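The values are calculated or read from the model by the stated rules, or taken from the named source; none is laboratory data. Being a predicted model, the structure only gives us computed values, none of them experimental. Counting neighbours? That spans all protein chains shown, and the Cβs are built from the backbone with ideal geometry, glycine included. Ligands, DNA and RNA are excluded from the accessible area calculation, which covers all protein heavy atoms including side chains. Shrake-Rupley method; radii C 1.70, N 1.55, O 1.52, S 1.80 Å.
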Amino acid sequence: MSGARLPLDDVKILDFMWVLAGPSATRVLADHGALVVRVESTRRIDTARTLAPFHDGVPGAERSALFHNTNASKRMLTLDPTCAAGRAVALDLVRWADVVAESFSPGVMQAWQLDYPVLRTVNPDVIMLSTCLMGQTGPWASFAGYGNLATAISGFSNLGGWPDRPPAGPFSAYTDYVSPRFVAVAILAALEYRRRTGRGQYIDLSQAEASLHFLGPALLDYEVNARLPHRVGNDDPDFVPHGVYPTTGRDCWVAIAVDGDEAFARLCDVMERPDLAVDSRFATLAARRTHREALDAEIGSWTRDRAAGPIEEALQARGVPASAVQDSAALCADAQLAHRGHVLSLPHADLGTTAIEGSRFRLSRTPARLPESAPTYGLDTAWVLGELLGYDEARITELVASGALD
């Protein structure tokens, strides 16, 4: 790939994103060639720097692997845009940029006099993207918080869990992991429009609204049939059995999903329980659905004294979907992920090395570039000011003295 042009190597992005959803999107663009200048200030620490996992389990602003993962491949600049000198630098970067992206609560950029109408006065063709939980307008626009709250208000949390227990929801801040895909695509669409027309535009992206696409069937069912979904644990209306079953070892499990009578017969063969296939309680999908608890108990009694790996292998060999449930340690050692280079080790100025994820997809002609080092405070400040903006030493010294680079 040496010397090959990357798909986005002529794209310049000024990145005011923070926490998880926004930086994850610009990381994708940076991996594929975009020059992304990531702005942050030591006066208001990015929340992502306070989130686990931490290097060696020790908290610290430079020790968050989550922060490293979402900001790799970017040029790191420390800048305080709330002061006049810092704002002047920000506007110079706006003149340079094709895209300005931010993920603060609505009104923050306006308070800094860096909102879209202002940016257009210095760069008329600039593209600006603002992404927050609920969008920039409407009665819920000022609703502030993190992805766990957007997950709840969007309806995801209420659907996860068992009917006789409180909602469990999907793991963590679910919308923070879903919405970055829409953020990246929206930026690419605006860039394509500008390529054809020469005109920039403003993008207002609600992370909650984007994530609702993944609740499409439930929303349609209510709209058409006035039927509300409810918590069903691991149950599925069309796959029975469909669940996670205990195996030998501490907190070890195997997931099994059976999609029809033939697959169920094969499961029974592997279990050496042909009697279950002809049992009137389990012989058909409808019967298995009615007696799913009894069937789950039978399967659980079989898996309980076996290791998850051999169960997976035996069922997969017979065409029955099954997988050992992997924890983080198992994923880091996973042969498939290792083959695809998913987990990368990066040099870190303070820690020696840190681990990040590689690109989530591969382009055959123009594969993603590998980050050179982990992101740290102000790692590229001198380069951005001197090389990119052309500031002389006196100007940079003045900025340092003023505190604008904190």
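Descriptive notes on the structure:
- Apportionment of accessible area to carbon and sulfur, the chain, percent (1.4 Å): 54
- Here the peptides 104-112, 393-401 are ranked by packing, the mean other Cβ count within 10 Å, and the order with the highest first is 104-112, 393-401.
- Remark: the chain carries a charge dipole of roughly 700 debye about the Cα centre, counting +1 on each Lys and Arg Cβ and -1 on each Asp and Glu Cβ.
- About the Cα centre, charge dipole magnitude for the range 301-406 (Lys/Arg +1, Asp/Glu -1 at Cβ), debye: 840
- For the range 1-102, the list of chymotrypsin sites (Phe, Trp or Tyr not before Pro) that fall in a loop by DSSP and count at most 13 other C-beta atoms within 10 angstrom is empty.
- In the context of the full set of protein chains, residues of the chain present 51 Å² of accessible surface per residue (probe radius 1.4 Å, heavy atoms only).
- Basic side chains Lys and Arg get +1 at the Cβ, acidic Asp and Glu get -1 at the Cβ, and with that the dipole of the range 250-370 about its Cα centre reaches some 560 debye.
- Options Leu267, Leu212, Thr381, ranked by Cα towards positive dipole end of the chain, top entry (Cβ charges): Thr381
- Sum of side-chain charges, Cys83 neighbourhood, beta-carbon under 12 Å (Lys, Arg +1; Asp, Glu -1): 0
- Modelled label reach - Leu228, point 7 Å along Cα→Cβ, the range 154-170 residues with backbone N closer than 12 Å: 158-159
- Overall shape: prolate for the range 96-175, with the ratio a/c of the largest to smallest alpha carbon gyration tensor axis at 1.5 or above and a/b above b/c.
- Radius 15 Å from Cβ of Gly386, net charge of other residues (Lys, Arg +1; Asp, Glu -1): -4
- Placing a label point 7 Å from the Cα of Val325 along the Cα-to-Cβ line, the residues of the range 152-191 whose backbone N sits under 16 Å from it are 160-163, 168-172.
- Label-zone membership for the range 131-169, site Asp238, 7 angstrom Cα→C-beta point, backbone N under 11 Å: none
- Charge dipole of the range 303-406 about the Cα centre (unit charges at C-beta), most positive-ward option of Leu351, Ala330, Ile396: Ala330
- For the chain, the relative contact order works out to 19 percent when only alpha carbon pairs closer than 8 Å and six or more residues apart are counted.
- DSSP assigns beta bridges within the chain; of those with both partners inside it, close to 45 percent run antiparallel.
- Taking 0.36 nm per residue of separation and subtracting the Cα-Cα distance, full extension of the segment from Trp383 to Arg120 would add 92.1 nm.
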